[in-house]
1. Would you pick out the residues in region 13-49 that are under 30 Å from R194 (Cβ atoms) and near ligand 1 (Cβ under 8 Å from one of its atoms)?
2. V215 - would you say it is at pLDDT 95 or above, of a type in the set (A, V, I, L, M), in contact with a strand residue (DSSP E or B) (Cβ under 8 Å, 6 or more places away or on another chain) and part of a strand (DSSP E or B)?
3. Output the number of residues of region 1-50 satisfying the condition of being aliphatic (A, V, I, L, M), under 13 Å from L217 (Cα atoms), within 15 Å of ligand 2 (Cβ to nearest atom) and open to solvent by 10 Å² or more (accessible area, probe 1.4 Å).
4. Return the pairs, sorted by first residue and then second, in which the second residue is assigned to a strand (DSSP E or B) and open to solvent by 50 Å² or more (accessible area, probe 1.4 Å), the first residue lies in region 1-12 and is closer than 15 Å to D212 by Cβ, the beta carbons are less than 6 Å apart, and the residues are 6+ apart or on different chains.
5. Tell me yes or no: at least one residue of region 20-27 is under 16 Å from the mean Cα position of the chain (by Cα) and of a type in the set (V, I, T).
6. Do you know which residues across region 159-186 are part of a helix (DSSP H, G or I), open to solvent by 30 Å² or more (accessible area, probe 1.4 Å) and under 16 Å from D131 (Cα atoms)?
7. Of these, Q152, Q81, which one is touching a residue at least 12 places away in the same chain (Cβ under 8 Å) and open to solvent by less than 30 Å² (accessible area, probe 1.4 Å)?
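The values are calculated or read from the model by the stated rules, or taken from the named source; none is laboratory data. Predicted, not measured: the structure shown is a model, and the values here were computed from it. Cβ coordinates were reconstructed from backbone atoms using ideal geometry, including for glycine residues, and neighbour counts include every protein chain displayed. Please note that ligands, DNA and RNA were not included when accessible areas were found on the heavy atoms of the full protein model with its side chains. Shrake-Rupley method; radii C 1.70, N 1.55, O 1.52, S 1.80 Å.
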Amino acid sequence: MKTVLTACNVSKIYGYGRTQVVAIHNVSLDITAGEAVALMGPSGSGKSTLLKVLGLISRPTEGSVHIQGTEAGGNERCRAQLRNKFFGFVHQDFAIIENETVERNVMIPLEYANPRPGRQERRSRIQTMLDQVNLGWALKKNASRLSMGERQRVAIARALVNDPVVVLADEPTAALDGATAQEVMTLILSIKERGASVLVATHDDRVAKRCDRVVYLER
Ligand code: ADP
Ligand code: MG
């Protein structure tokens with residue numbers, strides 16, 4: 001199978017001197033096209049850090065990240081473009097912009113896309129995506145008016161609208177009840193049908209069971 005994302009001996013150290021924290025130490029990981037991987041481990045074991053390093057949000061202190069075989073080094077601008085092109089992010093706290101409409105929230109990755117799709121194309125992709133997460137009716141609604149489960153679905157629509165190669169989800173079901181959590185996972189995993197991969201940090205065995213394999217981080 002084709003490898004889409006690789007962590008190669010990655011370490012991340014926060015801070016300096018006596019206050020430094022080794023968040024992850026010498027982690028290597030390959031994600032292949034179309035697979036879903038659960039990232040488990042106790043709180044503080046570095047799950048969020050690894051997702052940020054893999055998703056080019058933060059730089060590793062040591063080691064490297066490779067996207068489709070090419071090392072993702074380079075300047076911040078270059079990394080930001082790769083980030084927007086290859087990844088969709090789903091956060092535990094949804095990271096929805098409360099005072100904006102659902103449409104504006106889902107539009108964000110398309111605004112930064114290069115080349116940027118035209119206005120009609122953006123509209124139709126947002127509508128299609130919202131229909132897929134059963135939020136077609138909420139296009140013009142203010143995000144602050146939605147329930148937790150609905151907000152997370154907005155976050156998923158935003159993560160998927162740009163057709164990412166890998167979806168990185170950080171405890172996406174932690175704030176949700178059991179049934180809603182299962183629905184949210186079904187939507188996240190639906191990206192596999194398009195050949196994309198999923199890496200999901202989770203404490204929930206039910207989430208992990210639905211993935212193709214589980215990777216454990218130790219503290
Ligand atoms: P997890 O997501 O598995 O709970 P994290 O990646 O959030 O783990 O954290 C791993 C370790 O790194 C923890 O000890 C945490 O306190 C520390 N850490 C995370 N982010 C920062 C930061 N921005 N500055 C300093 N330490 C951090
Ligand atoms: Mg975390």
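1. Residues of region 13-49 that are under 30 Å from R194 (Cβ atoms), as a first pass: 24, 27-41, 46-49.
Matches in region 13-49: I24, G41, G46, K47, S48, T49.
2. Values: at pLDDT 95 or above: yes; of a type in the set (A, V, I, L, M): yes; in contact with a strand residue (DSSP E or B) (Cβ under 8 Å, 6 or more places away or on another chain): yes; part of a strand (DSSP E or B): yes.
Yes.
3. So the answer is 3.
4. Close Cβ pairs (under 6 Å, with a partner that is assigned to a strand (DSSP E or B) and open to solvent by 50 Å² or more (accessible area, probe 1.4 Å)) amount to T3/D30.
5. So in region 20-27, the residues under 16 Å from the mean Cα position of the chain (by Cα) come out as none.
Scanning region 20-27 turns up no residue that is under 16 Å from the mean Cα position of the chain (by Cα) and of a type in the set (V, I, T).
6. E183, T186
7. Details: Q81 fails: open to solvent by less than 30 Å² (accessible area, probe 1.4 Å).
Result of the check over Q152, Q81: Q152.
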